[in-house]
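Trainee: Dumping the structure here so I can ask a few things about it.
The values are calculated or read from the model by the stated rules, or taken from the named source; none is laboratory data. Everything numeric in this text was worked out from a predicted model, so none of it was measured. Cβ placement follows ideal geometry from the backbone for every residue including glycine, while neighbour counts extend to all protein chains displayed. These accessible areas exclude ligands, DNA and RNA; they are computed on the full protein's heavy atoms, side chains included. Shrake-Rupley method; radii C 1.70, N 1.55, O 1.52, S 1.80 Å.
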Amino acid sequence: MAILPILKFPDPVLKEPARKVQRFSSELSARVDDLLETMRAMPGGVGIAAPQVGWTERVVIADVSQHKKGSRQENHGLLVLVNPEVLAMGGSQIIREGCMSVPDYTANVRRAQWVLVDALDRNGEQVIIESTGFEAVVLQHEMDHLDGLLFLDRVTSLKTDLFRRKGCV
Ligand code: NI
């Protein structure tokens, strides 16, 4: 396992749509483990997408179970989703988001309140996830990375909804 360097905005790789995973192998599983270790190395890390470490395939990881915003709500614990697709979504919520690839800012972003996601696990088995609340936001945020989108692209007003992180100049 290894902690991988995170690509930071405006790295052009973050704007690239990621390719579907075609082969389920021990190599894939090892890369998933590295991605997981990289997410867990970040304090408060609740999600990561493969393109953030320069791996431009459709893999996301989420785990809100240890986070103050996620642990009190219904959640699925650790999710490793390969080739995820949103089957349905609904409702609306606004939550303050951050991203390891945009370390100096947070923003209020409007997202769906719930999502129904069809994906494969690291062994290629189908998983269907219905998610609400904070976990649903994390899934939407991470799946955006697979389409080359950052939370900055979802902010309605950069003037009123974007915030510099405390402690930064
Ligand atoms: Ni992110």
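Trainee: If you take the residues in the range 24-56 that are among the charged types (D, E, K, R) and away from the ligand (no atom under 16 Å from the Cβ), which one is most open to solvent (accessible area, probe 1.4 Å)?
Mentor: 27
Trainee: Report every pair of residues separated by at least 6 positions or lying on different chains whose Cβ atoms are under 8 Å apart, first residue within the range 49-73 and among the charged types (D, E, K, R), second more than 15 Å from the ligand (Cβ to nearest atom) and open to solvent by 40 Å² or more (accessible area, probe 1.4 Å).
Mentor: 57/19; 57/20; 58/19; 58/20; 63/78
Trainee: If you don't mind, there's one more thing I want to ask. Among the candidates 15, 69, single out the residue that is within 29 Å of residue 157 (Cα to Cα), open to solvent by 70 Å² or more (accessible area, probe 1.4 Å) and out of contact with any strand residue (DSSP E or B) (no Cβ under 9 Å at 6 or more places or on another chain). Reasoning before the result, please.
Mentor: Numbers: 69 fails: out of contact with any strand residue (DSSP E or B) (no Cβ under 9 Å at 6 or more places or on another chain).
None of the others qualify; the one that does is 15.
Trainee: With the condition kept exactly as written, say whether any residue in the range 120-131 is in a strand (DSSP E or B), under 16 Å from residue 145 (Cβ atoms) and touching a helix residue (DSSP H, G or I) at 6+ places or on another chain (Cβ under 7 Å). Spell out how you get there, then give the answer.
Mentor: From the range 120-131, those in a strand (DSSP E or B) are 120, 126-131; that's our starting set.
This time we only want the ones that are under 16 Å from residue 145 (Cβ atoms), so: none.
No, because not a single residue in the range 120-131 is in a strand (DSSP E or B), under 16 Å from residue 145 (Cβ atoms) and touching a helix residue (DSSP H, G or I) at 6+ places or on another chain (Cβ under 7 Å).
Trainee: Please go through the range 121-154 and give me each residue that is within 16 Å of the ligand (Cβ to nearest atom), over 25 Å from residue 33 (Cβ atoms) and open to solvent by 20 Å² or more (accessible area, probe 1.4 Å), ordered by number.
Mentor: 149, 152, 153, 154
Trainee: Among the residues of the range 82-108, which ones are open to solvent by 20 Å² or more (accessible area, probe 1.4 Å), within 16 Å of the ligand (Cβ to nearest atom) and not β-branched (Val, Ile, Thr)?
Mentor: Listed by number, the residues that qualify are 96, 98, 100, 103, 104, 105, 108.
Trainee: Residue under question is residue 111, and the condition is that it be within 16 Å of the ligand (Cβ to nearest atom), in contact (Cβ under 8 Å) with a residue 40 or more places away in the chain and either among the charged types (D, E, K, R) or exposed (fewer than 15 other Cβ atoms within 10 Å of the Cβ) (or both); does it hold? Walk me through it before giving the result.
Mentor: Numbers: within 16 Å of the ligand (Cβ to nearest atom): yes; in contact (Cβ under 8 Å) with a residue 40 or more places away in the chain: yes; either among the charged types (D, E, K, R) or exposed (fewer than 15 other Cβ atoms within 10 Å of the Cβ) (or both): yes.
When the stated conditions are applied, residue 111 passes them.
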